[in-house]
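Have a look at the structure below, then the notes.
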Amino acid sequence: MLENFDIRFIDIIDIILFALMLYYLYRLIRGTMAMQIFMGIAIIYMIWKITEWADMKLMSEVLGSFLGVGVILLLIVFQQEIRQFLLVLGSKKFTPRAILSDFKFFNKPTDNKLDLDAIVSALKNLSVKKHGALIIIKRNQNLDFLRQKGDKTDILINEPIIESIFNKTSPLHDGAIIIEGNRIVATRVIIPIDPDVKLNKKFGLRHHAAASATKITDALALVVSEETGDISFFKNGKQVEFKNLDDLKQKLSMELGVEPKR
């Protein structure tokens, strides 16, 4: 039996590429409603195969017809995820090092845990002073295509730094900052506004930029309104309500898997 089993080198490459595609798709849809829909379609596919094997002609034909238009259904249901996937694909540097860095077991452990306390404290002070701010926090997806729209930096996060960047007299206060790990990696970032974003009329350009950034990526966004001093939290293109700053810190902690220091 093994003598007839002939595997070519190109077959191995084919399997690896398919596995990578599934991995990136999983990263895009995990934790979303799309993941549940995808699992539902996978279950229907398995049932279809079972009915074919059992020669259940009626069920097999019905399920086969349903899955026959599966590609169109997937394009409709997963249009947002496909869009995100293409954005990541277009911004990705496909070098062996870049690809391997996406897998945690190839990365060196670091102590760059996000300082949530510094961020929330800075937001509180900016809110009191009514200094507008927009903070984008990276999660899993690559944000290089956004970083390129600003000034590259490498600054360790602390409360005074964030406040000084968004001070009205600072040349860096316009646009967003992007945070990766515990470092500010870009300032004065211009976020492209998604025309499909629909927010309350009370929200300004910063809020629309925050919603747009979190709609096309899995990043989180924090906004301080320059008009009211109100703090807003955005995820998946929508505003996330919170009761107070402690509640906000708790929500950020859960989303990012980081425990506050105090």
* Asn182 being surrounded by 16 or more Cβ atoms within 10 Å (Cβ to Cβ) and polar (S, T, N, Q) -> yes
* Those residues that are out of contact with any Ser or Thr (no Cβ under 9 Å at 6 or more places or on another chain) and touching a residue at least 24 places away in the same chain (Cβ under 8 Å), I need them from segment 229-262; list them, please. => Leu248, Lys249, Leu252, Ser253, Glu255, Leu256, Val258, Lys261, Arg262
* Return yes or no: is Phe203 more than 22 Å from Pro160 (Cβ to Cβ), at pLDDT 95 or above and not acidic (Asp, Glu)? => no
* Subset of segment 90-143 [modelled with pLDDT of 75 or more and more than 22 Å from Val258 (Cβ to Cβ)] -> Val128, Lys129, Lys130, His131, Gly132
* Structure fact -> Within segment 213-252, of all residues that are at pLDDT below 90 and touching an Asp or Glu at 6+ places or on another chain (Cβ under 7 Å), the one nearest to Gln141 (Cα to Cα) is Ile216
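Does Ile178 count as under 19 Å from Phe234 (Cα atoms), in contact with a Ser or Thr (Cβ under 9 Å, 6 or more places away or on another chain) and assigned by TED's automatic domain parsing to the domain that holds Leu134?
Working: under 19 Å from Phe234 (Cα atoms): yes; in contact with a Ser or Thr (Cβ under 9 Å, 6 or more places away or on another chain): yes; assigned by TED's automatic domain parsing to the domain that holds Leu134: yes.
Criteria met by Ile178.
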* Asked: Within segment 165-178, how many residues are in contact with a helix residue (DSSP H, G or I) (Cβ under 8 Å, 6 or more places away or on another chain) and in contact (Cβ under 8 Å) with a residue 24 or more places away in the chain?
  -> 5
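The values are calculated or read from the model by the stated rules, or taken from the named source; none is laboratory data. For clarity, every value in this text was computed on a predicted model and none was experimentally measured. Here Cβ is always computed from backbone atoms with ideal geometry, including for glycine, and neighbour counts include all displayed protein chains.
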